[in-house]
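Data first, discussion second: the structure below is written as structure tokens.
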Amino acid sequence: MRTQNNQSEKKKQRARAKCLRDLKQKDREIEQLKLKVDMYKKRWLRTKGKPGAKDSPRTHTRNLLKAASIHYKSPEFGKIKRKLFENSVIIQQLKNKYKSARKGQKSKISELLSGSVLAKCRLRSAFNDKMGIRVARRRKKEKMCLTNRVRKTVAGFYLRPDNSTLLAGVKKTETFRKHKRQKRVLKDTIKNLHVKFLAEANNVKQISLSLFSKLRPYWVTFPVESEREACLCILCDNTKMLLNKITNVTTLKKGISTEEVLRQSVCSMNNKECMKSKCAKCKGQSVYSVTKNISEHVKKQPWCRKSEKRTVGTAKEPTEKLITFTITEEVNGTVESLLKVFETQLAKLEVHTYNLRAQFRYFKKKQESLAKNECMIHIDNSENYNCRLNTEVQSLHFGASKKQLTLHTGVEYVGNDRVGKTFGTVSDSMDHEPSAVWAHLKPVLTEIRQNHKTVDSVEFFSDRPVGQYIKQKANFFLMTKEPFAYGIKNVRWSYFESGHGK
């Protein structure tokens, strides 16, 4: 009995499911039929039209084509032919009239031949082309939203030399939409740069961190291990290291930048008196308080330069030579000594930062205001490069078998050129003295005089290595002789702060 009951229940369920499927199918068919009824109803209303209403040009043309027969002898075909002929004659007459009209009359004719009907049918440009009317098409004005207002300002901030570094090398480029640019690497995090931008931007509305990050130019990239910063300033890096140490023993928050500490310790970073500790208001002002015992011992590893005597030469004829090198040395001390060193370093960094900003402002102003007869040359000696052969024997890798080359690189800006032209000279001489520097500059000055004969004023920009550019009487002597041999009348040499002239 149970099996028979189960079978009957299953039959009922199947029948019920079939009925539901059929109902759904009928509902879909009814919906499709309703759509067809609405479609034919709208078509009937369109064909009926409104009483006394005139057909539009498009409707009139469509009705003519519907009534026309394929055979050319039909009367409807003759009507179409007549209409096309009339339109061609009218357009030709208007075109001739427009060509023979004077300047004042042409504008009136063009006003008469432009209207809402042409715009509605989207035939304004086609009609103007047939008539020979030249219409000055206005470009759509870019919406002055916040993003468009601050785009150039933020991009210029990212491209400043104190915020990003230009990478040398042919392959160090970024391409976006077929536009290739030389790659630049950020010197700090986006978060710290955003704080710096908001502090400096007086006339710009305060923007969010996400918008600031979005407006970063595509060729300004984040540093990676292969493109790490290998030319840091000793003063800046040591102060940053000390700041990271004292955040553990003071009220300063972790991760704060030296830029923010400088901003809090002075009235204004653009004021010379404040940055050189001559302001009575902010002189000796402290931005933190100690939270731990000042006698507690701490360790630090600052960069320092050391000298020692080393034996060079052969075993038979050894000679002693004083060698200077840079290392990180671990130093133990108390919190009190650490804070004293930090205060001394911070005072030096204030002067260093003020000079650096003033130099970059001068460099940018000079670059933007160059006259046709002026030229800027930014130079620097690159590291020595080892020469490599396609095939080498094993013994070539040892001793002094490999030859080295010296590269002297730079960028020249002439006249109204804002982008600049990069150059590099190669020499097998390892000499970096002033005589070698001017030997590298000879082909550059020759090329400038050949391509820009009006240039008679040159200004050189470089960093401050003692043996090459600065504190060298030979360099100043050659500067008064060499450029004038190429017809240059005015010469000037400007130096960046130590460690910031790359």
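The values are calculated or read from the model by the stated rules, or taken from the named source; none is laboratory data. Computed from a predicted structure; not experimentally measured. Positions of Cβ are backbone-derived with ideal geometry, glycine not excepted, and every protein chain shown enters the neighbour counts. These accessible areas exclude ligands, DNA and RNA; they are computed on the full protein's heavy atoms, side chains included. Shrake-Rupley method; radii C 1.70, N 1.55, O 1.52, S 1.80 Å.
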At 1.4 Å probe size, with no ligands or nucleic acids counted, give the accessible surface of GLU200 in Å², nearest ten.
60 Å²
Residues with amide H under 5 Å of GLY499's amide H, sequence separation 5 or more or different chain, H placed in the peptide plane at 1.01 Å from N; which?
ARG464
Computed over the chain, the relative contact order (Cα-Cα under 8 Å, seq sep at least six) in percent reads 8 percent
Check LEU407: other-chain or 5+ apart residues with amide H under 5 Å from its amide H, H built from backbone geometry?
SER382, TYR385
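Convex hull over the Cα atoms of the chain, averaged projected area in nm²?
61.1 nm²
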Find the accessible area per residue for the chain; the probe is 1.4 Å, ligands and nucleic acids are left out, and the unit is Å².
72 Å²
Per the helix-only calculation at 222 nm, which mean residue ellipticity applies to the chain, given -39500 (n - 2.57) for every DSSP H run of n ≥ 4 and division by its residues, nearest 500 deg cm²/dmol?
-14500 deg cm²/dmol
Projected-area mean, region 239-347, by convex hull of Cα positions, square nanometres:
9.8 nm²
Once amide H atoms are built 1.01 Å from N in the peptide plane, which residues 5 or more positions from THR250, or in another chain, come under 5 Å H to H?
THR291
Determine the share of the chain's accessible area contributed by carbon and sulfur atoms, expressed in whole percent, with a 1.4 angstrom probe.
53 percent
Please list, or write none, the lysines whose alpha carbon is within less than 16 Å of the alpha carbon of LYS10, excluding same-chain residues fewer than 8 places away.
LYS18
Run through every distinct alpha carbon pair of region 292-399 and return the Kirkwood hydrodynamic radius in angstroms, one decimal place.
20.7 Å
Given the peptides 438-447, 328-337, 373-382, 167-176, arrange them by the average over their residues of other C-beta atoms within 10 Å, most packed first.
373-382, 438-447, 328-337, 167-176
The aspartates and glutamates whose Cα lies under 16 Å from the Cα of LYS106, excluding any fewer than 8 residues away in the same chain, are ASP129
On alpha-carbon atoms, Rg over Rh for region 371-470 using Kirkwood Rh?
1.10
Would you work out the charge dipole size for the chain about its Cα centre, treating the Cβ of every Lys and Arg as +1 and the Cβ of every Asp and Glu as -1, and quote it to the nearest 20 debye?
6120 debye
Taking region 353-477, the lysine pairs whose C-alpha atoms sit under 26 Å apart (8 or more places apart or on different chains) add up to 20
